[in-house]
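Visitor: Mind having a look at this structure? Questions to follow.
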Amino acid sequence: MNRLTQIVLTCTVLMCATVVTHAEMLKPFFLGSSTVANFDETILNVKKSLENEGFEIIADFSPYQHAHLVIVSNPTLRKIALNAVKNDCKAGVLVAAQRVSITQVKHKVQVAYTDPVYMGVAYQVSDSLEGERYKLAKALGRQKYFGSKEGISDDDLGDYHYTFGMEYCKDYSGQDLISGQPLGQHSNYKDALKTINRSLRDNLGGTVKVYQMDLDTKKQVSIFGIRFTQEDFSSDKRIMSIIDKQPYRHTAHLPYELFVIGNKSWALHPRFRIAINFPDLEMAGKVSFMKIIEAPDAISKSLIMGVGGEVDDSDDDDEFF
């Protein structure tokens, strides 16, 4: 084989590999394992495996019975997240926190985790997260890609919204749903953190602090993971009991996040944040968005109160449309 032929063949292989990678249909989660195992021991083993691969445990908690979350990060994830701060979709900062779930489903324990690549494309992050996907798979296994039957192309995911009239990545939660507006505005970064911590400590709107990750205090970027505990349609337990009915659980949808950039606080709109983790959920039916039609409004109110804001009930928005 002459040199020219070798070059042509090599280029052909590389082009094919590029096409295959580009054409990958993306899904929200990976199943690491699903086995008959002790639930508590599995949690300990998962944490140990993650730490062995260089991940830092940011938090672990149980949102409801038979479910546990471990939130992890590492220097690469934080660096990529900080690079995304100036993007139109500011939620790119959230890739710093990857979510791992341990869920008891009948007699088996499922270990699953968010796909960093899916999160990165959905949140319009420009840096590659393939390496972090590999590290999570090495730590936890990679039995099945799930969360969407057919998956979503990277082009569609990068400009995702569930259906006509519903929010995109840059349409944030808040009282005023003008595109690009923050959830809350504070006098400065320190005041934002102080106000949010006080609100979460007092459980305003049923919000409970799960974790706080200060990505860079000089660049003034922080993430809060929160739980919703009120007995209304903001409740994590109530929402998941209705829509998380698939054989492989979407527990790693939790927790919801608030994030702070400078003197402003932000949160993804519920109609985007829920849909991005349940892209195949039907609009109507027994297991559908219509069954949690009150959730976006309830979550938005809780989020506003969670950052120290006041809720205006005069203009309720309780539909998914």
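Visitor: Does at least one position in segment 276-292 carry a residue that is closer than 22 Å to Ala59 by Cβ and surrounded by 20 or more Cβ atoms within 10 Å (Cβ to Cβ)?
Guide: For segment 276-292, residues closer than 22 Å to Ala59 by Cβ and surrounded by 20 or more Cβ atoms within 10 Å (Cβ to Cβ): present.
Here's the yes/no breakdown for (1) part of a loop (DSSP other than H, G, I, E, B); (2) over 23 Å from Val72 (Cβ atoms):
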| position | (1), (2) |
| --- | --- |
| Gln212 | no, no |
| Ser222 | no, no |
| Gly225 | no, no |
| Ser234 | yes, yes |
| Arg238 | no, yes |
| Ser241 | no, yes |
| Lys245 | yes, yes |
| Arg249 | yes, no |
| Glu257 | no, no |
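Visitor: Now for a different question. Give Phe278, Phe228 a once-over and let me know the one that is of a type in the set (Phe, Trp, Tyr), touching a residue at least 24 places away in the same chain (Cβ under 8 Å), out of contact with any His (no Cβ under 6 Å at 6 or more places or on another chain) and farther than 22 Å from Tyr168 by Cβ.
Guide: Being of a type in the set (Phe, Trp, Tyr), touching a residue at least 24 places away in the same chain (Cβ under 8 Å), out of contact with any His (no Cβ under 6 Å at 6 or more places or on another chain) and farther than 22 Å from Tyr168 by Cβ holds for just one of Phe278, Phe228, which is Phe228.
Visitor: Out of the residues in segment 202-241 that are of a type outside the set (Gly, Ala, Ser) and at positive phi, which is surrounded by the fewest Cβ atoms within 10 Å (Cβ to Cβ)?
Guide: Asn203
Visitor: Taking segment 86-106, which residues are under 12 Å from Glu257 (Cβ atoms) and more than 12 Å from the chain's Cα centre (by Cα)?
Guide: Lys90
So that you can scan it fast, the table gives a plain yes or no per residue for (1) of a type in the set (A, V, I, L, M); (2) surrounded by fewer than 17 Cβ atoms within 10 Å (Cβ to Cβ); (3) at pLDDT below 95:
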residue	(1), (2), (3)
Leu26	yes, no, no
Thr35	no, yes, no
Asp40	no, yes, no
Leu50	yes, no, no
Glu56	no, yes, no
Asp60	no, no, no
Thr103	no, no, no
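Visitor: Could you please let me know if Lys190 is more than 30 Å from Pro75 (Cα to Cα), charged (D, E, K, R) and assigned to a helix (DSSP H, G or I)?
Guide: no
Visitor: Oh, and also: Can you find, within segment 107-136, the residue that is farthest from Ala81 (Cα to Cα) among those that are in a strand (DSSP E or B) and over 12 Å from the mean Cα position of the chain (by Cα)?
Guide: Lys108
Visitor: Phe320 versus (1) touching a helix residue (DSSP H, G or I) at 6+ places or on another chain (Cβ under 6 Å); (2) within 18 Å of His186 (Cα to Cα); (3) at pLDDT below 95; (4) not charged (D, E, K, R): which is the lone unmet condition?
Guide: The failed condition is (2).
Visitor: Please list, ordered by first then second residue, the pairs with beta carbon atoms under 8 Å, 6 or more apart or interchain, first in segment 169-189 and aliphatic (A, V, I, L, M) and crowded, with 20+ Cβ neighbours inside 10 Å, second part of a loop (DSSP other than H, G, I, E, B) and modelled with pLDDT of 95 or more.
Guide: Going by the 8 Å Cβ cut-off, the qualifying pairs are Leu183/Ala267; Leu183/Val307.
Visitor: Can you run down the residue pairs with Cβ atoms below 8 Å, 6 or more apart or on separate chains, where the first is in segment 59-84 and over 26 Å from Met240 (Cβ atoms) and of a type outside the set (A, V, I, L, M) and the partner is assigned to a helix (DSSP H, G or I) and at pLDDT 95 or above?
Guide: What qualifies is Asn74/Glu132; Asn74/Lys135; Thr76/Gly131; Thr76/Glu132; Arg78/Ala96; Asn83/Gly92.
Visitor: Considering only segment 102-111, state which residues are within 11 Å of Gly32 (Cβ to Cβ) and touching a Lys or Arg at 6+ places or on another chain (Cβ under 7 Å).
Guide: Listed by number, the list holds a single entry, Gln110.
The values are calculated or read from the model by the stated rules, or taken from the named source; none is laboratory data. Quick caveat: nothing in here was measured; it's all calculated off a predicted structure. Neighbour counts are summed over all protein chains in view; Cβ atoms, including those assigned to glycine, are modelled from backbone coordinates with ideal geometry.
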